[in-house]
Amino acid sequence: MTSEHILFAHPMLFVHLSLLFRMLLKHNIVPDGFSYGLVIPLVKDTDGNRFATDNYRGITISPVISKLFEMVLMLLLLTIL
């Protein structure tokens with residue numbers, strides 16, 4: 001699922017996501033699928049040594065719904081503080 005799926009989805013999706021997030025918060029559960037990600041190594045300096053591990057940095061591609069859940073948690077924390 002990509003962010004475009006959520007941006008252009010039917011408004012009913014937001015109702016279901018809201019219900020899902022409320023239940024996750026109520027029962028203090030985070031699904032295992034929210035913690036999975038794909039780590040991709042990117043070259044820092046294209047002119048540098050491509051065989052040196054110091055010349056790479058990793059980025060993680062996470063599921064979109066888990067990113068949304070993180071944003072909801074952060075907004076909740078900001079409103080509490």
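Every number in this text was worked out from the coordinates using simple rules, so none of it is lab data. In this text the structure is predicted, and so the values were computed from the model without any measurement. Reconstructed Cβ throughout: ideal geometry from the backbone, glycine too, with neighbour counts over all protein chains shown.
Miscellaneous remarks
Okay, residues lined up against (1) in a loop (DSSP other than H, G, I, E, B); (2) of a type outside the set (Asp, Glu); (3) within 15 Å of the chain's Cα centre (by Cα):
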residue: LEU17; (1), (2), (3): no, yes, yes
residue: PHE21; (1), (2), (3): no, yes, yes
residue: ASP45; (1), (2), (3): yes, no, no
residue: THR79; (1), (2), (3): no, yes, no
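- Residue satisfying all of: in the range 47-71; assigned to a strand (DSSP E or B) and among the β-branched types (Val, Ile, Thr); farthest from THR2 (Cα to Cα) among these: ILE59
- Among the numbered conditions (1) out of contact with any Gly (no Cβ under 8 Å at 6 or more places or on another chain); (2) under 25 Å from GLU4 (Cβ atoms), the only one that MET23 does not meet is (2).
- Residue that is among the charged types (D, E, K, R) and touching a Pro at 6+ places or on another chain (Cβ under 8 Å), where the choices are ARG57, ARG50: ARG57
- Tabulated pairs, the range 57-81, first over 18 Å from LEU20 (Cα atoms) and free of Cβ contacts under 8 Å to residues at least 24 places away in the same chain, second of a type in the set (Ser, Thr, Tyr) and outside any helix (DSSP H, G or I), C-beta under 7 angstrom, 6+ apart or interchain: none
- Matching residues, the range 1-15, being in contact (Cβ under 8 Å) with a residue 40 or more places away in the chain and assigned to a helix (DSSP H, G or I): SER3, HIS5, ILE6
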